[in-house]
Amino acid sequence: MNKIRNYDKAAIKKADSDHHFHPFTDSKGLDNDGGARVIVRGEGCYLYDIDGEKILDGMAGLWCTNIGYGRDELADLAAEQMKELAYYNTFFKTTTAPAALLAEKLCSLLPDNFNHVFFSNSGSEANDTNLRLARTYWQHVGKPSKKIIISRTNAYHGSTVAGASLGGMSGMHKQAGLEIGGIEHVMQPYWWGEGGDMSEDEFGLHAAKEVEKKILEVGADNVAAFIGEPFQGAGGVIIPPKTYWPEINRICKEHDILLICDEVIAGFGRTGNWFGLETFGIEPDLMTMAKGLSSGYLPISATGVSDRVWEAFYKAGDDFNHGYTYSGHPVASVVAMRNLEIIEEEGLVEKVKNETGPYLAKRLEELKDHPIVGEVRSVGLVCAIELTNDKEARTRFPNEGRAGTVCRDHFFKRNVIMRACGDVMVASPPLIATKEEIDLLIDTARECLDATAKDLGVM
Ligand SMILES: *Cc1c(COP(=O)(O)O)cnc(C)c1O
């Protein structure tokens with residue numbers, strides 16, 4: 001089985017270095033490190049690079065390849081659809097069969113009060129859509145002053161101008177004059193990092209109350225929505241205390257604020273339910289979906305629109321002046337539809353809930369006693385390991401981020417992918433991962449923690 005094409009490695013590395021401007025990358029640093037690793041093939045939970053190295057993908061790409069790599073049937077379906085109808089739009093009183101059927105299918109998976117979806121091409125675009133939906137909703141119901149969106153520091157909602165502004169990544173805000181107006185950030189529900197002497201439950205309530213404080217400060221008449229990820233992904237797999245989301249539900253209802261649940265990572269089985277809102281008890285008005293919607297096979301995203309919001313737009317008798325050329329792209333829709341069926345047919349959500357999720361949690365616990373580990377946490381098939389120089393004081397090594405980078409490089413050398421979010425090591429393997437693959441991930445993590453501790457002069 002040699003599906004690897006006969007690439008000329010030197011030519012590809014040169015082309016990449018000479019012409020490819022990489023996202024979220026220090027280009028000079030990349031060149032100094034010898035350039036980017038060239039991935040040429042994927043199969044199941046594994047990637048193969050141009051040198052033929054087999055790599056365990058503990059991150060499911062960028063948290064997206066839920067059904068794993070190398071599903072020929074998705075390629076065949078995409079080819080069939082492309083031959084029949086490669087493209088048509090969904091503006092101007094037209095639709096395509098794949099977009100209509102995917103909308104119906106998605107709504108069958110969403111909470112009962114969600115019966116419509118709006119398609120975009122990425123999580124970022126879907127959050128742009130959400131911002132416009134939320135503000136326009138309040139115009140339609142006669143409360144146009146409700147414009148502010150409240151988010152959290154260290155949230156990730158994408159990289160378009162609206163997505164990055166909604167997110168709370170300070171490094172992104174520093175560049176290019178972000179964020180745009182009308183967005184306010186409050187503290188994140190990050191107990192290990194910011195909980196101080198409070199118990200987790202106390203801190204969860206405290207962090208939620210910060211949202212209420214902000215609403216009172218700017219005036220509920222000026223607030224359109226609150227946006228949050230069920231658990232923060234790119235921020236370091238920050239899983240809120242169980243008191244947090246119920247209190248957020250209460251606050252949004254009491255002050256009549258829309259709740260936007262960004263399910264881009266949490267959706268499609270990651271936490272052991274179809275959506276993170278089931279796992280955490282979140283009651284949203286809008287939902288962002290991307291990544292696992294197509295398992296990354298093609299770009300597609302969707303906003304789930306609750307009946308409350310839908311009815312306001314429906315009754316308004318006016319166009320929603322928003323859409324993308326590729327909203328509901330037929331080829332991406334066909335592929336997403338089959339991806340959802342595969343998740344169902346293979347029982348991946350139940351498998352994560354009953355089998356691999358608990359197994360990952362159990363194996364992760366073994367790392368808790370390691371001298372540089374401050375906390376381990378997981379929900380379903382996503383987990384984090386906090387690196388610390390003082391378990392009790394919950395502090396970081398000097399030069400925050402360096403310990404994470406050192407540890408990440410040890411994973412890299414061992415052909416296992418785990419990501420460093422600052423000094424938090426995170427993993428989010430494909431939902432098809434077996435116990436053996438989880439063993440490989442955790443056994444490698446222990447080796448890498450040992451090696452990192454040594455490098456940092458701890459062991
Ligand atoms: C990745 C991500 C996004 C952005 O999705 P893109 O497809 O990269 O635009 C938005 N929200 C969350 C929670 C994400 O993890």
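The values are calculated or read from the model by the stated rules, or taken from the named source; none is laboratory data. These numbers were taken from a predicted model, which means no experiment stands behind them. Please note: Cβ atoms are built from the backbone with ideal geometry, for glycine as well, and neighbour counts cover all protein chains shown.
Here are a few things to note about the model shown:
- Selection status of Gly272, more than 16 Å from the ligand (Cβ to nearest atom), assigned to a loop (DSSP other than H, G, I, E, B) and out of contact with any Phe, Trp or Tyr (no Cβ under 7 Å at 6 or more places or on another chain): yes
- Condition met for Phe226 (outside the structural domain of Ser428 (by TED's automatic domain parsing), in contact with a Pro (Cβ under 8 Å, 6 or more places away or on another chain) and closer than 27 Å to Gly422 by Cα): no
- Only one of Met82, Met59 that is within 16 Å of the ligand (Cβ to nearest atom) and farther than 16 Å from Met289 by Cβ: Met59
- Residues in the range 14-56 that are over 26 Å from Gly123 (Cβ atoms), part of a loop (DSSP other than H, G, I, E, B) and either within 16 Å of the ligand (Cβ to nearest atom) or touching a residue at least 40 places away in the same chain (Cβ under 8 Å) (or both): 4 in all.
- Filtered residues of the range 420-433 (kept if free of Cβ contacts under 8 Å to residues at least 40 places away in the same chain and assigned to a loop (DSSP other than H, G, I, E, B)): Asp423
- Among residues of the range 82-95, those that are touching a helix residue (DSSP H, G or I) at 6+ places or on another chain (Cβ under 7 Å) and surrounded by fewer than 21 Cβ atoms within 10 Å (Cβ to Cβ), counted: 5
- Which listed residue, of Asn115, Asn66, Asn121, is more than 16 Å from the ligand (Cβ to nearest atom), of a type outside the set (A, V, I, L, M) and either in contact with a Pro (Cβ under 9 Å, 6 or more places away or on another chain) or at pLDDT 95 or above (or both): Asn115
- The condition of being touching a residue at least 24 places away in the same chain (Cβ under 8 Å), surrounded by fewer than 18 Cβ atoms within 10 Å (Cβ to Cβ) and either of a type outside the set (S, T, N, Q) or assigned by TED's automatic domain parsing to the domain that holds Leu293 (or both) holds for only one of Glu386, Glu392, Glu447, Glu436, that being Glu447.
- Some residue of the range 275-291 being in contact (Cβ under 8 Å) with a residue 40 or more places away in the chain, more than 23 Å from Ala103 (Cβ to Cβ) and either outside the structural domain of Cys45 (by TED's automatic domain parsing) or within 16 Å of the ligand (Cβ to nearest atom) (or both): yes
- Checklist (1) buried (at least 23 other Cβ atoms within 10 Å of the Cβ); (2) of a type outside the set (Gly, Ala, Ser); (3) within 20 Å of Val305 (Cα to Cα) applied to Asn273, failing item: (1)
- Among the conditions (1) within 16 Å of the ligand (Cβ to nearest atom); (2) surrounded by 22 or more Cβ atoms within 10 Å (Cβ to Cβ); (3) not in a helix (DSSP H, G or I), the only one that Leu298 does not satisfy is (2).
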